[in-house]
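Working notes for the structure below.
Here, each number is a calculation from the coordinates, and none is a lab measurement. Quick caveat: nothing in here was measured; it's all calculated off a predicted structure. Don't worry about glycine lacking a Cβ; one is built from the backbone with ideal geometry, like all the others, and counts go over all protein chains shown.
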């Protein structure tokens with residue numbers, strides 16, 4: 001499913017075709033509010049997907065008390081459906097935002113949502129009918145491995161569910177693991193630990209993965225090590241990238257060197273893509289990095305996108321792997337609010353927010369030659385006291401709706417549990 005999301009044809013991106021497609025905005029882009037939601041913290045996958053057979057875009061989000069909802073956009077009738085409640089969570093604690101939905105699609109067309117019951121378990125909800133949100137969704141617990149931040153990858157009937165295991169938050173210490181289902185989620189394997197720094201002395205021992213992308217038998221993971229002497233998720237250091245080889249369940253460097261079944265603390269240096277200083281950050285940030293994502297283009301080029309900042313600089317960066325290291329290009333030096341990256345033929349597209357969070361922008365970049373084109377630049381449709389874009393994710397296998405994004409009020413995000421902040425779509 002993640003691979004489908006990245007396969008956006010170059011033809012769809014031409015101005016001529018955009019102009020000829022009914023209901024599709026020009027390069028400037030347009031927005032529409034889809035729903036009102038609460039604070040959720042999904043990564044760069046699982047917010048929305050497009051199903052070409054149904055000609056619908058589906059999205060999942062957290063509503064009042066973090067109950068899970070889905071909506072569908074019918075591209076034939078140009079209309080959003082009514083919301084369908086998938087699961088009643090009734091959560092009101094300050095950590096409820098971690099129980100966000102991650103939407104994907106099974107091989108038979110049924111929609112599936114993964115959720116981590118934060119630091120405790122993983123759940124799977126499945127629609128009763130393929131390519132439809134209607135009806136009563138099934139829901140069951142599939143793991144009790146102290147799961148958090150789920151990242152599913154669907155390959156036919158096989159599902160790989162990656163997640164952080166909250167091994168010991170007091171140290172702090174989080175490993176990264178994967179479980180597998182070979183029968184579309186009915187049964188699951190025992191966990192395999194794929195990243196484990198150990199309880200290293202400086203305590204940067206929490207794996208926080210932000211980007212997961214599949215190309216053929218390679219599932220690329222992009223992460224940072226959080227924690228530090230100040231405690232759980234108080235600081236972050238470096239950006240790392242490697243891939244999981246589905247052929248033999250090994251972890252490999254982006255150059256292809258095998259690191260065995262687990263990357264350990266002594267091997268982190270071999271997969272470091274960006275070095276950051278956890279102490280050199282702006283006053284309004286507590287981590288140096290923003291949402292790193294690695295993709296592999298159809299021509300084999302590996303691209304890493306991320307935001308990064310220090311006390312004096314903020315940058316949106318794209319880097320290509322040259323066989324032994326990374327060559328970086330700064331696309332914007334006014335902001336570091338990086339949100340997502342998608343492969344598009346021999347190019348990539350990114351989406352990010354302006355430094356004041358008033359605008360959401362997307363650019364297309366071609367590594368060969370370095371050409372840059374603006375896809376859209378839109379004003380964020382705030383209401384309900386919202387002032388910040390939290391997530392803005394490309395729709396998997398997208399059609400005319402390119403991005404689904406959420407807004408929050410930064411100061412009150414943890415304590416407001418009624419759905420009041422816009423979840424919105426961007427057409428481009």
Most fluctuating residue given options 296, 110, 177, as computed from a GNM of the chain linking Cα atoms under 10 Å: 110
Protection proxy ranking of 31-40, 301-310 - average other beta-carbon atoms within 10 Å, highest first: 301-310, 31-40
Förster-model FRET efficiency, 41 Å R0, residue 233 and residue 186, C-beta, rounded to 0.05: 0.75
Inter-part distance where region 331-368 and region 77-143 are each reduced to a Cα centre, Å: 28 Å
Cα-based convex hull volume of region 2-427 per residue, rounded to whole Å³: 128 Å³
Over region 2-427, relative contact order from alpha-carbon pairs under 8 Å, at least 6 apart, %: 16 percent
Estimated translational D of region 180-268 in µm²/s (Stokes, Kirkwood radius over Cα pairs; 25 °C; 0.890 mPa s): 174 µm²/s
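Averaged over every viewing direction, what's the projected area of the C-alpha convex hull for region 74-214? Give it in nm², one decimal, please.
Over all viewing directions, region 74-214 projects a mean Cα-hull area of 10.1 nm².
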Two-site FRET efficiency, residue 94 against residue 168, from Cβ-Cβ distance with R₀ of 22 Å, rounded to 0.05: 0.60
Helix-only CD estimate at 222 nm, as mean residue ellipticity for the chain, using -39500 (n - 2.57) per DSSP H run (n ≥ 4): -500 deg cm²/dmol
Residue 74 versus residue 141: modelled label distance in nm, points set 7 Å from Cα along the beta carbon direction: 3.9 nm
